[in-house]
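> For reference, the structure I am asking about is given below.
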Amino acid sequence: MQPGDPVKIEMAPFQGITNLVFREVFTCHFTGVNKLLTPFFTSIHKQNLSTSRSKELLHVSEHGIPVVPQILSKDADEMLRFAGFCQQLGFDEINWNMGCPYPRVARKGRGSGMLPHPDKVEEILSQIMPELPLKLSVKLRLGYENPDEILNLIPVFNHFPLEELAIHARVGKQLYKGSANFTAFERAMQQSTIPVGYNGDIFTKKDYLKVNDLFPKLSFVMLGRGLLADPFLPATIKQQPVPELAEQKQLIRRFVDDLYFERRKQHRDGLQTLGNMKEYWWYLSFSFSNPHKVFSRVKKVKSFNDYEDAVNSLFSDFEWVGHQANLFKKEKNK
Ligand SMILES: Cc1cc2nc3c(=O)[nH]c(=O)nc-3n(C[C@H](O)[C@H](O)[C@H](O)COP(=O)(O)O)c2cc1C
């Protein structure tokens, strides 16, 4: 992005966290995001999704921000079924997950396991693109074993009218370890005629500025853990007005409370709300003065009363320090 151009920011998908309730509540409280990807859908065996899964796709946008359903698949027919279903619901783009690093997914040639197989990717795209009723974007890594794998894929992508590529600058085998590979990302970006976005380890505004400096031609950035830890990060990057830390803390409190009560509604007061909230608190705790203590208070709760007491106490005992403290990065580099 050139100086003065508005930065486009996409929210990265997180299975188990960024579901419909999260997207809805997040966009109610925070600004700065331009696109919301859903966590991946898989095993689309029938023409229709089950009720519980289709409920996740009830909103094609949240507060005017488009939602893009994601599919994890290596089957052209399944992808077309999913696309048809999403089109009926009113979506105008779907995203293909070629980034999932987990061995049980990758071993079956799905997610990042698809990256070493450009022929297979070409076969699928040739089958689906002529019939696809909506736009297709791809979220991928640089490769599964080797960051050069992407160099055989980009020429394949270039043959098709894809909407955009969001590239997480790691290989699948790394999972989330080690650092992002800027050199390999740059090579891939230079080869691509499709708009490219950067994903990986943007935890602070400084991280964003570095990425933007290195790759001024980026079409967008995708924020994951950095945004979960500090929901004010997108607005900060965009230089939108962001309140002082003390006020941020109050707004974060309102946000997590809304999220908690909406999740309780979603699960009809089922205890899986606690599991969901714990998963989210693992990220959010990194923007408090003592992440480990904050998380350990939430981690051990077993009832709604325990949870509410833990949240009350941690908000009174710990400071909200936001992303400036860079605690996430410190943890990652331990
Ligand atoms: C728990 C967890 C769940 C994830 N779920 C998905 C998913 O459903 N689809 C996807 O494309 N990426 C998924 N990701 C990857 C993130 O979207 C993102 O690409 C990754 O965290 C790197 O970006 P970051 O460094 O900004 O966090 C997941 C990551 C984690 C840690």
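The values are calculated or read from the model by the stated rules, or taken from the named source; none is laboratory data. Predicted model, so just to flag it, every value in this text is computed and none were measured. The accessibility values were calculated without ligands, DNA or RNA, using every heavy atom of the protein model including side chains. Shrake-Rupley method; radii C 1.70, N 1.55, O 1.52, S 1.80 Å.
> Reported to two decimal places, what Rg/Rh ratio describes segment 50-171 when computed on Cα atoms with Rh from the Kirkwood expression?
0.97
> Taking the DSSP beta bridges in the chain as the whole, what percent of them are antiparallel, to the nearest 5?
10
> What figure, in Å² to the nearest 10, do you get for the accessible area of Trp282 with a 1.4 Å probe and non-protein molecules left out?
90
> Quick one: with all protein chains in place, what share of the accessible area of the chain is carbon or sulfur, to the nearest percent (1.4 Å probe)?
Numbers: 7460 of 14920 Å².
On the chain, the fraction of accessible area on carbon and sulfur atoms equals 50 percent.
> By how many nm would the segment from Asp77 to Gln15 grow when fully extended, if each residue of separation counts as 0.36 nm and the alpha-carbon distance is taken off? Show your work: numbers first, answer last.
On the way: separation 62, 0.36 × 62 = 22.32 nm, distance 2.34 nm.
Once the chain is fully extended between Asp77 and Gln15, it gains 20.0 nm.
> Okay, next question. Based on a Kirkwood Rh over C-alpha pairs, give the Stokes-Einstein translational diffusion coefficient of the chain at 4 °C and viscosity 1.567 mPa s in µm²/s.
Working: Rh = 20.6 Å.
Result for D is 63 µm²/s.
> How much mean residue ellipticity at 222 nm does the chain get from its helices, if each DSSP H run of length 4 or more adds -39500 (n - 2.57) and you divide by all residues, to the nearest 500 deg cm²/dmol?
-13000 deg cm²/dmol
> Still on this structure, I have one more. Kirkwood hydrodynamic radius, segment 245-323, all distinct C-alpha pairs: what's the number in Å?
12.6
> Step through the table entries Lys55/Lys238; Lys249/Lys299; Lys8/Lys302; Lys35/Lys278, compare each Cα-Cα distance with 28 Å, and write down the pairs that go over it.
Flagged as over cut-off: Lys55/Lys238; Lys8/Lys302.
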